[in-house]
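Visitor: Quick one: this structure, given as structure tokens, is what I'll be asking you about.
The values are calculated or read from the model by the stated rules, or taken from the named source; none is laboratory data. Everything numeric in this text was worked out from a predicted model, so none of it was measured. Using ideal geometry, Cβ is built from the backbone for each residue, glycine included, and neighbour counts are taken over all protein chains shown. The area values use the complete protein model at the heavy-atom level, side chains included, leaving out ligands, DNA and RNA. Shrake-Rupley method; radii C 1.70, N 1.55, O 1.52, S 1.80 Å.
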Amino acid sequence: MSTNTNNPPRYALITGAAGGIGRALVQEFVANGYAVIATDLSPQPADLACAHYLQADLARTVSDEAYGQSILAQVKNIVAPHGLHALVNNAAIQILGGADSLTRADWQQTLHVNLLAPFFLAQALLPELEAAQGSIVNISSIHARLTKKNFVAYATSKAALSGMTRAMAVDLGPRVRVNAIEPAAIETEMLKSGFDGKDALYAQLEQCHPVGRIGLPVEVAKCVINLVQDGMPFLHGACLALDGGISGCLLDPD
Ligand SMILES: NC(=O)c1ccc[n+]([C@@H]2O[C@H](COP(=O)([O-])OP(=O)(O)OC[C@H]3O[C@@H](n4cnc5c(N)ncnc54)[C@H](O)[C@@H]3O)[C@@H](O)[C@H]2O)c1
């Protein structure tokens, strides 16, 4: 990695980097010249190239302060003295269960990974983000606004993440921009495997979206990179629907 002072590195921290969308985010940021610090609960995928990879449990960064500090110290050490240009809070878990069955452990894990880890990462890295005039992008979900049965914990966490995005923009003012993306279905390996052998159902899912297909991980990644680049300084506290138009659909029978 170049540390040429004429061309100082621009650092991006991307969580959930080993997942379907996370991998596309890492590739997009690397392609745009960022020194990517990728992090995930899982080990580094063999084919995922990035400047730094930290294997870390985000839920534990919330519940165990000493552990959280040790992870953050590694990030701070890497980005010094350049600061952090982008924090992309992408990691999430989706524990399915209805109002009758969700446990305290389900709620704790969901809120720690999907909501509190993004908050405490942002809080701890504010000095580095400010130093680089960086910005935060939270990967929320269409479930922040529209949901379905058995998504109570996940949908609540994403609604809170979008709300936190707006509130932090107000709270931080001009210091660090904070935005969110609310994607609808995105074609990750996990999503495709859920439809293995169910081609008709998959085609139905595609046709639910006015664009006639579901989204691609690279489309999320391109949206994120546009949000953090210098051309969007007035975009602050926004929660952008990236959903092929599905959130405009009223499904009442004709
Ligand atoms: N795929 C979709 O259709 C879709 C739609 C809307 C929003 N999203 C959002 O996009 C983001 C990425 O989703 P994805 O589809 O790539 O999912 P994914 O499951 O492929 O990736 C999520 C990653 O988060 C990591 N993770 C989970 N718990 C963790 C923990 N405790 N510590 C550290 N890392 C942890 C996982 O290891 C995984 O690599 C999520 O925020 C998700 O809510 C996805």
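Visitor: Would you point out the residue of segment 75-109, among those that are of a type in the set (A, V, I, L, M, F, W, C) and assigned to a helix (DSSP H, G or I), that is nearest to TYR154 (Cα to Cα)?
Guide: TRP107
Visitor: I've got another one for you. Right, LEU235: modelled with pLDDT of 95 or more, part of a loop (DSSP other than H, G, I, E, B) and surrounded by fewer than 18 Cβ atoms within 10 Å (Cβ to Cβ) or not?
Guide: On the way: modelled with pLDDT of 95 or more: yes; part of a loop (DSSP other than H, G, I, E, B): yes; surrounded by fewer than 18 Cβ atoms within 10 Å (Cβ to Cβ): yes.
Against the criterion (modelled with pLDDT of 95 or more, part of a loop (DSSP other than H, G, I, E, B) and surrounded by fewer than 18 Cβ atoms within 10 Å (Cβ to Cβ)), LEU235 qualifies.
Visitor: Taking segment 144-155 only, how many residues are on the phi < 0 side of the Ramachandran plot and over 16 Å from the mean Cα position of the chain (by Cα)?
Guide: So in segment 144-155, the residues on the phi < 0 side of the Ramachandran plot come out as 144-149, 151-155.
The next check asks that each one be over 16 Å from the mean Cα position of the chain (by Cα); those that pass are 145-149, 151-153.
Qualifying residue count, segment 144-155: 8.
Visitor: For segment 21-34, which residues satisfy the criterion of being surrounded by fewer than 24 Cβ atoms within 10 Å (Cβ to Cβ), assigned to a helix (DSSP H, G or I) and touching a strand residue (DSSP E or B) at 6+ places or on another chain (Cβ under 7 Å)?
Guide: Listed by number, the list holds a single entry, VAL30.
Visitor: In segment 95-115, what residues are open to solvent by 60 Å² or more (accessible area, probe 1.4 Å) and not basic (Lys, Arg)? Lay out the reasoning, then the answer.
Guide: Of all residues in segment 95-115, those open to solvent by 60 Å² or more (accessible area, probe 1.4 Å) come to 96, 99-101, 103-105, 107-109.
Matches in segment 95-115: LEU96, ALA99, ASP100, SER101, THR103, ALA105, TRP107, GLN108, GLN109.
Visitor: Output yes when any residue across segment 116-128 is within 21 Å of ALA167 (Cα to Cα) and within 10 Å of the ligand (Cβ to nearest atom), and no when none is.
Guide: Let us first name the residues in segment 116-128 that are within 21 Å of ALA167 (Cα to Cα), namely 116-128.
Those still in the list that are within 10 Å of the ligand (Cβ to nearest atom) too: 117-118.
Within segment 116-128, one or more residues are within 21 Å of ALA167 (Cα to Cα) and within 10 Å of the ligand (Cβ to nearest atom).
Visitor: Can I ask one more? If you go through segment 172-191 one residue at a time, do you hit one that is hydrophobic (A, V, I, L, M, F, W, C), modelled with pLDDT of 95 or more and assigned to a helix (DSSP H, G or I)? Before you say what the answer is, go through the steps one by one.
Guide: In the first step, residues of segment 172-191 are kept if they are hydrophobic (A, V, I, L, M, F, W, C); the result is 172, 176, 178, 180-181, 184-186, 190-191.
With modelled with pLDDT of 95 or more added as a condition, the list becomes 172, 176, 178, 180-181, 184-186.
Narrowing further to those that are assigned to a helix (DSSP H, G or I): 172.
Within segment 172-191, one or more residues are hydrophobic (A, V, I, L, M, F, W, C), modelled with pLDDT of 95 or more and assigned to a helix (DSSP H, G or I).
For every residue, the table says whether it meets (1) touching a strand residue (DSSP E or B) at 6+ places or on another chain (Cβ under 6 Å); (2) open to solvent by less than 40 Å² (accessible area, probe 1.4 Å).
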{"residue": "MET164", "(1), (2)": "no, yes"}
{"residue": "ALA167", "(1), (2)": "no, no"}
{"residue": "PRO174", "(1), (2)": "no, no"}
{"residue": "ASN179", "(1), (2)": "yes, yes"}
{"residue": "GLU182", "(1), (2)": "yes, yes"}
{"residue": "MET190", "(1), (2)": "no, no"}
{"residue": "ALA200", "(1), (2)": "no, no"}
{"residue": "GLN204", "(1), (2)": "no, no"}
{"residue": "GLN207", "(1), (2)": "no, no"}
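Visitor: Kindly establish whether LEU96 is in contact (Cβ under 8 Å) with a residue 40 or more places away in the chain, more than 19 Å from PRO9 (Cβ to Cβ) and not aromatic (Phe, Trp, Tyr). Outline the logic, then answer.
Guide: Working: in contact (Cβ under 8 Å) with a residue 40 or more places away in the chain: yes; more than 19 Å from PRO9 (Cβ to Cβ): yes; not aromatic (Phe, Trp, Tyr): yes.
Yes; evaluated as a whole, the condition is true for this residue.
Visitor: For segment 144-168, enumerate the residues that are of a type outside the set (A, V, I, L, M) and either assigned to a helix (DSSP H, G or I) or in contact (Cβ under 8 Å) with a residue 12 or more places away in the chain (or both).
Guide: Residues of segment 144-168 that are of a type outside the set (A, V, I, L, M), as a first pass: 145, 147-151, 154, 156-158, 162-163, 165-166.
The answer is ARG145, LYS149, ASN150, PHE151, TYR154, THR156, SER157, LYS158, SER162, GLY163, THR165, ARG166.
Visitor: Looking at segment 176-189, can you tell me whether even one residue there is over 14 Å from the mean Cα position of the chain (by Cα) and closer than 25 Å to GLY134 by Cα?
Guide: yes
Visitor: Within segment 35-74, track down each residue that is open to solvent by less than 40 Å² (accessible area, probe 1.4 Å), under 23 Å from ALA131 (Cβ atoms) and either out of contact with any helix residue (DSSP H, G or I) (no Cβ under 8 Å at 6 or more places or on another chain) or not in a helix (DSSP H, G or I) (or both).
Guide: Within segment 35-74, ALA35, VAL36, ILE37, ALA38, THR39, CYS50, LEU54, ALA56 qualify.
Visitor: I would also like to ask the following. Scan ARG166, ARG175, ARG145 and give me the residue that is more than 22 Å from ALA17 (Cα to Cα) and in contact with a helix residue (DSSP H, G or I) (Cβ under 6 Å, 6 or more places away or on another chain).
Guide: Answer to the selection: ARG175.
Visitor: Here is a follow-up. Restricting attention to segment 129-143, does a residue exist that is in a helix (DSSP H, G or I), within 17 Å of the chain's Cα centre (by Cα) and more than 10 Å from the ligand (Cβ to nearest atom)? Before the answer, list the steps.
Guide: Residues of segment 129-143 that are in a helix (DSSP H, G or I), as a first pass: 129-131, 142-143.
Narrowing further to those that are within 17 Å of the chain's Cα centre (by Cα): 129, 142-143.
Narrowing the set further to residues that are more than 10 Å from the ligand (Cβ to nearest atom) leaves 129.
Yes, there is a match, as at least one residue in segment 129-143 is in a helix (DSSP H, G or I), within 17 Å of the chain's Cα centre (by Cα) and more than 10 Å from the ligand (Cβ to nearest atom).
Visitor: Looking at ALA155, ALA131, ALA92, which one is touching a Ser or Thr at 6+ places or on another chain (Cβ under 8 Å) and either open to solvent by 30 Å² or more (accessible area, probe 1.4 Å) or at pLDDT below 95 (or both)? Before the answer, list the steps.
Guide: Values: ALA155 fails: either open to solvent by 30 Å² or more (accessible area, probe 1.4 Å) or at pLDDT below 95 (or both); ALA131 fails: touching a Ser or Thr at 6+ places or on another chain (Cβ under 8 Å).
That would be ALA92, the only listed residue that is touching a Ser or Thr at 6+ places or on another chain (Cβ under 8 Å) and either open to solvent by 30 Å² or more (accessible area, probe 1.4 Å) or at pLDDT below 95 (or both).
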